[in-house]
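The values are calculated or read from the model by the stated rules, or taken from the named source; none is laboratory data. Small disclaimer: the values here were computed from a predicted structure and weren't measured. Neighbour counts are summed over all protein chains in view; Cβ atoms, including those assigned to glycine, are modelled from backbone coordinates with ideal geometry.
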Amino acid sequence: MKQTVLISLRNQEEGLVRLIGVFRRRGYRIEKLSMSINQADDMKILVTFSCNQLTEHQLLHYVKKLIDVVTVEVVDDHSNFAERYITAHQSA
Amino acid sequence: MQLSGSEMIVKCLLEQNVDTVFGYPGGAIMPLYDALYDAPIRHVLTVHEQGAAHAADGYARSCGKVGVCIATSGPGATNLVTGLATAFMDSSPVVAITGQVATSFLGRDAFQEIDIVGMTMSVTKHNFLVRDLSSLAEIVRMAFRIAASGRPGPVLIDVPRDILLAQGEFVPGFSFEKENASTDVSYQQAVISAADAISNSERPVMLVGGGIKAGQTWEEARKLADTIGIPAVSTLMGLGAFSVKDAGFLGMTGMHGHKTANWAVSEADVILGIGTRFNDRITSDCSKYVQGKTIIHLDVDPAEMSKNIPADIMIIGDLRQTLNTLNDLFLQRPSVDFSAWRKKIANWRQEFPIEYKASQLNAPWMMKHMSENIAGKSVVWVTDVGQHQMWAAQHLQIGTPREWISPGGLGTMGFGLPAAIGAQIACPDKQTVLVVGDGGFKMTGMELYTAINAKLPLIVVIINNQALGMVRQWQELFFQQRYSATILSRFDFVSFSHACGASAVEVFNPSEFSSAFEQALQSERAFVIVANVETGDLVDPMVSPGQSINQFVR
Ligand SMILES: Cc1ncc(C[n+]2csc(CCOP(=O)(O)OP(=O)(O)O)c2C)c(N)n1
């Protein structure tokens, strides 16, 4: 099953690696990823991933546990949303 | 106030009431060692950085304060990794400070540069590479806060050498944010459903895990058990939350759990799991484990919910609050009659008595003997990993939460001795007794020299079966007695101990053990008892791997 989430992260250098590490360690496959950093230095990341035996719910808990993560939202679809969203974020 | 980065770290450690740090110096961390030289903080020099990390962990587990370890960049930092991973798996609050090559050298594979932040991401709760002096103090404060709050865990701070040396403005003081209590509707509903499930049950069991100790909520758990009249069992990590003397406490459950405890869990219709992750050593086969049961799961960490087994009722949040709320609810309700259930449990107790043989020296007897002869001293029992660990868990008469320290999650051989050093330093008024195998002792045994230098009256009991016993046990039972790489040749532990400056005796029978233990209790320096037991002694009971937890191999 595929799922897309929008994650808002404090832009610390390690934040992105830490986030991706959680996906890998817990056995989720990232299928698509877009990101942007705005002037206020916060980072938005849109990830589409497929689940393994752990549920997507479980993953969200692990992501939320990361100290750099501010919010996590489940969103509908990567392709429709990503370009528009990321562009808007960058110019904000 | 103008201070160097190193001085700021020392100031921040003092703000956090740190009185002891464990570490090992080297090039990149030298500026911090210079600041420590005349700081009012005890520095314990270990033999190896792994020892420093385990000692900080043992310190934290024995007294509840954050343990601190320090290492240099490169090999010093990598040597910490096993210790951090051990603390991580057992949710122990540790702060590690590592030196790093100067900022201008980062990323150039400079001498002793290693990406320790990248390397420890998966074994720390959080970690930091300090990139400028202005953020240093706040990072140290944050590290302590993160390590100790919520579900505790290790935090690493990597500080480049130039930042340790740079001068800057230091503003003292720190704020402590308290985590908010849960009040939302789903939380309240879950608590009520949990109470209903227990009220309507016939055979409930409370399962206590290490989270009760990490959250320091054993009083509340005992009170709740008492109010409900529910029997309790413990995981390896939760031992001590209930006393073995508590009438309703049935002992340890899991792979090598007490038979009564495992039977009670198997036959239960409600499991109230508190601060446990329902690890595979506890559940054995998950689907059999949950069959016919309502699982109520209380934990501070939402990520634990339904991770290993599906929970029917999940209550996420501060354990103290939840336990108190449940207790209040039950006080208002008419009490439930669990006498039939208690009778059944009493029958199992009769059917599976714990018996001791004193005809020849054996570990279960030694555990019982030590518990009975500790002579009224407060004690901290520390173990390593293997058969001796299980014998200790099963047969020591553990009465209070902080008196049991064992590396449950990672199962790290070599943890025992350095962790015992940390515990003895944190609790000078208690007697620390380490129970360790001959294999595991050899892994970090040089730390005996640390114990001597730190003048610690540690008691070390080496259960010497001349084998990597736990692995050998599995070979005996499941690998047709093919003892591949598990039989150890004789080693002269007594001479080794003497070389480190410790007292040591070797014993072969119960009466020799008994007098050696008496002697050890009087000793003012580390005292090693080499207790020779049969290589073939096996840990009983043992659940058949992959079966339900009331099906025993032996
Ligand atoms: C660092 C590490 N390496 C390997 C193991 C696997 N292992 C688990 S128990 C055990 C045997 C331990 O032997 P010993 O220390 O003599 O204790 P005993 O089981 O004999 O009491 C081994 C090798 C481990 N847990 N940790």
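For segment B:318-383, the helices (runs of 4 or more DSSP H) that sit wholly inside it and include 3 or more residues that are closer than 30 Å to B:T432 by Cα are B:363-372.
The set of residues in segment B:376-387 that are touching a helix residue (DSSP H, G or I) at 6+ places or on another chain (Cβ under 7 Å) and either within 14 Å of chain A (Cβ to nearest Cβ) or more than 8 Å from the ligand (Cβ to nearest atom) (or both) comprises B:V379, B:V380, B:W381, B:V382, B:T383. Restricting attention to segment B:388-403 and to residues that are within 12 Å of the ligand (Cβ to nearest atom) and out of contact with any strand residue (DSSP E or B) (no Cβ under 7 Å at 6 or more places or on another chain), the residue that is nearest to B:I463 (Cα to Cα) turns out to be B:W391.
Taken together, the residues in segment B:203-222 that are farther than 21 Å from B:A60 by Cα, touching a helix residue (DSSP H, G or I) at 6+ places or on another chain (Cβ under 6 Å) and not in a strand (DSSP E or B) amount to 3. Only residues that are under 9 Å from B:D269 (Cα atoms) and not in a strand (DSSP E or B) were counted across segment B:292-301, and they come to 2.
Just give me the residues in segment A:23-35 being under 11 Å from the mean Cα position of the chain (by Cα) and either within 13 Å of chain B (Cβ to nearest Cβ) or not basic (K, R) (or both), in sequence order. First the steps, then the outcome.
Going residue by residue through segment A:23-35, those that are under 11 Å from the mean Cα position of the chain (by Cα) are A:23, A:30, A:32-35.
Listed by number, the residues that qualify are A:F23, A:I30, A:L33, A:S34, A:M35.
Would you confirm whether any residue within segment B:476-492 is within 16 Å of the ligand (Cβ to nearest atom) and crowded, with 21+ Cβ neighbours inside 10 Å? Among the residues of segment B:476-492, not one is within 16 Å of the ligand (Cβ to nearest atom) and crowded, with 21+ Cβ neighbours inside 10 Å, which makes the answer no. Looking only at residues in segment B:53-88 that are part of a loop (DSSP other than H, G, I, E, B) and under 14 Å from the mean Cα position of the chain (by Cα), which one is farthest from B:L106 (Cα to Cα)? The qualifying residue farthest from B:L106 (Cα to Cα) is B:G64.
The set of residues in segment B:423-444 being within 12 Å of the ligand (Cβ to nearest atom), surrounded by fewer than 24 Cβ atoms within 10 Å (Cβ to Cβ) and either modelled with pLDDT under 95 or not basic (K, R) (or both) consists of B:M443 alone.
Annotation: B:T120 fulfils all but one of (1) within 13 Å of B:A53 (Cβ to Cβ); (2) more than 14 Å from chain A (Cβ to nearest Cβ); the unmet one is (2). The condition of being in contact with a strand residue (DSSP E or B) (Cβ under 9 Å, 6 or more places away or on another chain) and of a type in the set (F, W, Y) does not hold for B:F479.
Within segment B:433-447, no residue that is within 14 Å of chain A (Cβ to nearest Cβ) sits with its Cβ atom under 9 Å from a residue that is near the ligand (Cβ under 6 Å from one of its atoms) at 6+ positions apart or across chains. Exactly one residue out of B:G248, B:G275 is surrounded by 23 or more Cβ atoms within 10 Å (Cβ to Cβ) and assigned by TED's automatic domain parsing to the domain that holds B:A225: that is B:G275. Taking every residue in segment B:485-509 that is more than 14 Å from chain A (Cβ to nearest Cβ) and pairing it with any residue that is away from the ligand (no atom under 13 Å from the Cβ) and charged (D, E, K, R), at least 6 positions away or on another chain, the pairs with Cβ-Cβ distances below 8 Å are B:F493/B:E506; B:V494/B:E506; B:G501/B:R525; B:A502/B:R525; B:S503/B:R525; B:V505/B:E512.
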